[in-house]
Each structure stands twice: as C-alpha cells, then as structure tokens.
1. Test of understanding: what is the full-extension gain from ASP143 to CYS34, defined as 0.36 nm times their sequence separation minus their Cα-Cα distance?
2. I need the GluC sites (Glu not before Pro) found in segment 30-74, filtered to DSSP loop residues with at most 10 other beta carbons within 10 Å of theirs.
3. How large is ³J(HN,Hα), in whole Hz, for each residue of segment 102-112 in order, when computed from phi with the Karplus curve 6.51 cos²θ - 1.76 cosθ + 1.60 and θ = phi - 60°, using x for Gly and Pro?
4. Per residue of segment 113-124, in order, report the coupling 6.51 cos²θ - 1.76 cosθ + 1.60 (Karplus, θ = phi - 60°) as ³J(HN,Hα) in whole Hz, putting x for Gly and Pro.
5. Taking H placed 1.01 Å from N in the peptide plane, check which residues at least 5 places from SER11 or on another chain put their amide H under 5 Å from its amide H.
6. Whole-Hz ³J(HN,Hα) for each residue in segment 86-91, computed from phi via Karplus 6.51 cos²θ - 1.76 cosθ + 1.60 with θ = phi - 60°, x for glycine and proline: what do you get?
7. Counting only DSSP beta bridges with both residues in segment 12-128, tell me the antiparallel percent, nearest 5.
Amino acid sequence: MRCPFCQHTDSRVLESRSAEAGQSVRRRRECLLCNRRFTTYERIEYVPITVIKRDGSRESFDRSKLLRGIVRACEKTGVESGQIENLVDEIEAQLQQQRFRREVTSNDIGELVLAQLQEVSEVAYIRFASVYRQFQGIRDFVDTLKDLQNQSDRPLSDRSPTPEEDPSSGKSPDDPGQLTLNDAHQDSPPVSSLAQA
C-alpha cells in the first residue's frame, strides 16, 4: 500500500478492525520509510447495479446519493450518523443479494428506504415519503400519518400495502437519490407541524 505522504510502497499494519457494519475492514498502517501513520479500508467489490429512474433513464447505483437523501430526512430527529450508515449498508446489502437482478427501479430502492426508516424514525419516514411519493398537499400528509398509525397498531402479518405502494394508485415515485426536503416544503406544509397534529 503506497504511503500518502512519501509514496513509499512498504508499510506495516498496526491495527485491524471491522467497520461499516462488517462491510469493510479498517486498517491502521505505518510507513516503513517515513514512519507516518495512515488508515486504509478493505471492502468487497460489488457487481455494479443499474437503477432505472422514473423517466426510464438508467444510471449506476450511487451509495453517496442515497446516503444524502436519508441524511436530509433524518436531520434534527436524533438519528445518529452511525445508524444512518448502518441503514444504507443494509439497503445496499439487500440490493446485492438479488444475484440474478442487476437492474432495480428507483421505486424498489425508495420502498426499501421507507421500510428501514419506519423502524428508526417516524418523522424521517414522513419527510422521505413526502418527496419520494410526491405529496401534493396536506391530505397526502394526513393519509400517510394515519396509515403509519394503523401499521404500528397492527401485527406485521396483518399489514397490507398502502395506497402509495399499490401500483394501481397512479402515484409515481421519485428518484430517491434526488430527494431534498426543500422540494417537499415548497408544495406542502412544514412536516414538523403535521407530525405534531
């Protein structure tokens, strides 16, 4: 491994530990020439996944784009950065486990995100859903809040798809990587006031 300071190619490993929920190994190294220390990460090389967007265009799955969307949804909710990283790791692992399916829709990814956020923060769930499901007004917020309440009151085996999850409902999912809370706030009332209603 080349030293980032002097470019020498020989170093020794001082410490190794699991990182990113077991998805990588973090190694602390020391250069044998200049004796400076640096950190490297060893990760699994995943097969590329193609995301089919709402308009039919295709792009490579971008973990950082997904992470940004979830971070925005979780702002000021008390969800720690480590939890968010683990959430993204879990979603990426689920996508990689689909061995014979190398193309996924943005809808597939959005539903995976919502399933994870529902367990972590209801406020983040509503924020993410407001952009991903393209809420048009207060009724969309209220309907989602009611459905969220009903789902929390029912056993998991009794839960049925929400109107937004039903393909016949006509709602079009947005690209989850493009999510911004500002977009949701332009067309809809603030999430915080609705969540308290």
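None of the figures in this text is laboratory data; all of them are computed from the coordinates on show. Just so we're clear, the structure is a prediction, and the values are computed from it rather than from any experiment. Please note: Cβ atoms are built from the backbone with ideal geometry, for glycine as well, and neighbour counts cover all protein chains shown.
1. Extra length from ASP143 to CYS34 when fully extended: 33.0 nm.
2. Taking segment 30-74 and a limit of 10 other Cβ atoms within 10 Å, the loop GluC sites (Glu not before Pro) found are GLU45.
3. With the stated coefficients, segment 102-112 comes to 9, 10, 10, 8, 4, 5, 4, 5, x, 5, 5 Hz.
4. The phi angles translate into 4, 4, 4, 6, 5, 4, 7, 9, 7, 5, 5, 5 Hz.
5. LEU32
6. Coupling constants for segment 86-91: 5, 5, 5, 4, 5, 5 Hz.
7. Roughly 85 percent of the DSSP beta bridges within segment 12-128 come out antiparallel.
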